[in-house]
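Okay, so here's the structure we're looking at.
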Ligand code: SER
């Protein structure tokens, strides 16, 4: 049976409310009193003071669906499941249950409530890591999973995969146990070591069934024990929808497909799938950011927003999509999501103006920049030197990441090291001044 994303939201919250979790609302994407974090990137980010004991939560068991933005994987946007904006379905125990109940709760939802095929489920657990010599392997989670899964589907991994946090530079963090679903050999790389930690896309992480918040990371790089042991668990709504709606990628779910269709319009068969996906993802993310009061600019989160919009407009230009389609897609985001996030409708006009303004300004820069780009390419054939790349950025407003995308389309190489040399020289000059 296929389940709509609104059903998934309802079932998730009902399940945890039925297990005595208080349903709280999603916080803004702008972190509240957390200078170590640019944009809310996880369900637990707005709850950090509860884990450290600085604030008392309204209840010890909480759950919600939190809007999140992560742009560290921006280069991966266009594959089946990476997104810059996503909604995290989260449940938390603040000094209440710990590993046993966290894993049992997740398993109950996976098996009995959502009816995932449990033969395809894998769990990863923290194996210990030389880089964190004082944090022992998570034997307790291994023991709990052993009662639920065959041993070959319990995978032990190091800190890169199974130590989560903090959200931001400092704060609560701990070993975690994640749940993956095997989407089938045909989606895999066929490598002999292919497993849940392989990037090929065969294994999709559907739930971080528990970050066991035991440690506080300080500015010095030292960990201290937190006063209480807590659980931070989260499942991506888009990823749940991929599996439960039996589609190939997040872009075919009811959360993104309508937006993608508006963007592609009549050109659907003539645009690269990657470009449509980048535009779809970035426009949804930008719309949510503006609704929460972020405006385009050249620093901090304002630059994150500008970069997303400019990337979306660049892909529109490269693939012949009208900028109006991006504006229409943004209006659709407002329409589709405002029942859960009313600030979208409240700020609809601001969103429209901000996107149009960025599109217009960037359109002019891009036109000029592309002309210069073509001149450079005419002389240097299939290579752009570091000096030219720097000039295109500094004088003609084409930053390296966008330049790289244009160059990639035309199979042209860029001397990135050279570019960085000229950038550093300029920084030295301005520091001297
Ligand atoms: N904070 C954890 C994560 O983002 C659990 O939700 O994976």
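Annotation: of all residues in segment 165-183 being near the ligand (Cβ under 10 Å from one of its atoms) and part of a loop (DSSP other than H, G, I, E, B), the one that is nearest to residue 70 (Cα to Cα) is 167.
Of all residues assigned to segment 59-72, at least one qualifies as being touching a strand residue (DSSP E or B) at 6+ places or on another chain (Cβ under 9 Å), more than 16 Å from the ligand (Cβ to nearest atom) and either modelled with pLDDT of 95 or more or under 18 Å from residue 165 (Cβ atoms) (or both).
Here residue 248 meets each of (1) over 17 Å from residue 356 (Cβ atoms); (2) assigned to a helix (DSSP H, G or I); (3) modelled with pLDDT of 95 or more with one exception, condition (2).
Only one residue in 36, 56 is surrounded by fewer than 16 Cβ atoms within 10 Å (Cβ to Cβ), within 16 Å of the ligand (Cβ to nearest atom) and not in a helix (DSSP H, G or I). Which one?
The conditions single out 36.
Against the numbered list (1) farther than 17 Å from residue 239 by Cβ; (2) more than 15 Å from the ligand (Cβ to nearest atom); (3) not in a loop (DSSP other than H, G, I, E, B), residue 50 comes up short only at (2). Of the residues making up segment 133-167, those that are in contact (Cβ under 8 Å) with a residue 60 or more places away in the chain and in contact with a helix residue (DSSP H, G or I) (Cβ under 6 Å, 6 or more places away or on another chain) are 141, 167.
Taking (1) touching a strand residue (DSSP E or B) at 6+ places or on another chain (Cβ under 9 Å); (2) modelled with pLDDT of 90 or more in turn, residue 355 satisfies each apart from (1). When you scan segment 221-239, do you find a residue that is at pLDDT 95 or above, surrounded by 18 or more Cβ atoms within 10 Å (Cβ to Cβ), more than 16 Å from the ligand (Cβ to nearest atom) and assigned to a helix (DSSP H, G or I), even just one? Within segment 221-239, not a single residue is at pLDDT 95 or above, surrounded by 18 or more Cβ atoms within 10 Å (Cβ to Cβ), more than 16 Å from the ligand (Cβ to nearest atom) and assigned to a helix (DSSP H, G or I).
The values are calculated or read from the model by the stated rules, or taken from the named source; none is laboratory data. Here the structure is a predicted model, which means the values were calculated and not measured. Note: ideal-geometry Cβ built from the backbone for every residue, glycine included; neighbour counts use all protein chains shown.
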